[in-house]
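Presented below is the structure to which this report refers.
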Amino acid sequence: MTHLRLDLMPKLQSITRWRFPVRANVIVFLFTAVFIFLCMRYLPERKCQPDEHTLRGNKPKYRLIALILSNPDNLERRNTIRKTWLAESDATVKHFFVVGTQDILPEQRNTLQSEKQKFDDLLLLPRLQDSYGTLTKKVLYTLKAVHEHYDFDYLLKCDDDSYVVVHKLLKELDKWQSKGTRRELYWGFFNGRAQVKRSGPWKETDWILCDHYLPYAVGGGYVLSYNLIEFIAKNADILKLQNSEDVSVGLWLAPLANIERKHDVRFDTEYRSRGCSNQYIVTHKLTVQNMLSMHDYYQVSLGALCPKEFRNRMSYHYNWTVPPSQCCNRQSGIP
Ligand SMILES: *[C@@H]1O[C@H](CO)[C@@H](O)[C@H](O)[C@H]1NC(C)=O
């Protein structure tokens, strides 16, 4: 018994002796707990999990990103665009020529490298073989890459045979934004009754959703607001890719609320040009020569595109109040 007591004594004594430090430990513990609580309560938005806005804040910001889909061999087209409509652009616009570089020839690679060094405006996709069959992937990869590295308000997708009146496009965007609808923008020349292609380079073998494609803005040029790009970029891995990139974008954006599909006859962006109108903001299917003379005229006329306006085919106003199959009746007198 005595032994036991003697054994216990030092322990009791030590506890008594450490009474104050134990309290200090408790205080330190509480302090830490409160600190951790506060950190978890207030920091997640800032440090622990940086949110979208912090991430967006660190990226270079532009009013408009212009993506011009090109291919490894189209240097002449790119140079023509650089010295024509891009020369009228401004610092709020960032443009990229997009080229897939998988399996290209060494000499193509060399040419692209020196072009990249000279102009710093190529967006090269090393994991994409550049061909008709991969266009949708090309658009998807590009949207992902641009979303990852840039902040912007709007994005234009066009081709290297499209002519864009950039300042007009920017002015229209300002106008649209100043209406204050706070809706997402999907702007271009819409088609709601396009036949599903069953042959040719654009054939769709696994379109099963409807007799027609869902309404989409045709691919020669269309504009999307940032949140739409973000939606596509974030869901890139689970989206269904159709053969045509423009059909795919229409499909991807089909379920979204709060989106304005703005049909605009000033987008001459179908697979065949409707002609020339001075109202056009985007014109598609131009040869290098077409583009050069259009731009020459644009400069001497201070903003007009054609010395003489003409129509190759009729246009339409989109009717959103009727079923898509009746959306798009071509009539004369529409640009
Ligand atoms: C759309 O179609 C309806 C029904 O035919 C018609 O009443 C209306 O005027 C059309 N709207 C436009 C903008 O063409």
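Annotations
- Qualifying residues in the range 309-326 (those that are touching a residue at least 24 places away in the same chain (Cβ under 8 Å) and over 25 Å from Val164 (Cβ atoms)) - the one surrounded by the most Cβ atoms within 10 Å (Cβ to Cβ): Pro324
- Scanning the range 309-323 for residues that are more than 12 Å from the ligand (Cβ to nearest atom) and under 23 Å from Glu260 (Cβ atoms) yields one hit, Ser315.
Each row is one residue, and each column tells you yes or no for (1) within 16 Å of the ligand (Cβ to nearest atom); (2) open to solvent by 20 Å² or more (accessible area, probe 1.4 Å); (3) assigned to a loop (DSSP other than H, G, I, E, B).
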site: Ile232; (1), (2), (3): no, no, no
site: Gln242; (1), (2), (3): no, no, yes
site: Val249; (1), (2), (3): no, no, no
site: Ala254; (1), (2), (3): no, yes, yes
site: Tyr271; (1), (2), (3): no, yes, yes
site: Leu292; (1), (2), (3): no, yes, no
site: Pro307; (1), (2), (3): no, yes, yes
site: Cys328; (1), (2), (3): yes, no, yes
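- Cβ-Cβ under 8 Å pairs, at least 6 apart or on other chains, the range 119-130 side open to solvent by less than 40 Å² (accessible area, probe 1.4 Å), far side among the small types (Gly, Ala, Ser) and outside any strand (DSSP E or B): Leu123/Ala145; Leu125/Ala145
- Among the residues of the range 119-153, those identified as more than 23 Å from Arg63 (Cα to Cα) and at pLDDT 95 or above are Leu125, Pro126, Arg127, Leu128, Gln129, Asp130, Ser131, Thr134, Leu135, Thr136, Lys137.
- Screening Trp187, Trp176 for residues that are within 26 Å of Trp320 (Cβ to Cβ), aromatic (Phe, Trp, Tyr) and open to solvent by 10 Å² or more (accessible area, probe 1.4 Å) leaves exactly one candidate, Trp176.
- When each of Ser225, Ser277, Ser273 is tested for being touching a Leu at 6+ places or on another chain (Cβ under 7 Å) and of a type in the set (Gly, Ala, Ser), the lone residue that passes is Ser225.
The values are calculated or read from the model by the stated rules, or taken from the named source; none is laboratory data. Everything quoted here is computed from the prediction, not taken from an experiment. Positions of Cβ are backbone-derived with ideal geometry, glycine not excepted, and every protein chain shown enters the neighbour counts. Note: accessible area is taken over every heavy atom of the protein model, side chains too, but ligands, DNA and RNA are not part of it. Shrake-Rupley method; radii C 1.70, N 1.55, O 1.52, S 1.80 Å.
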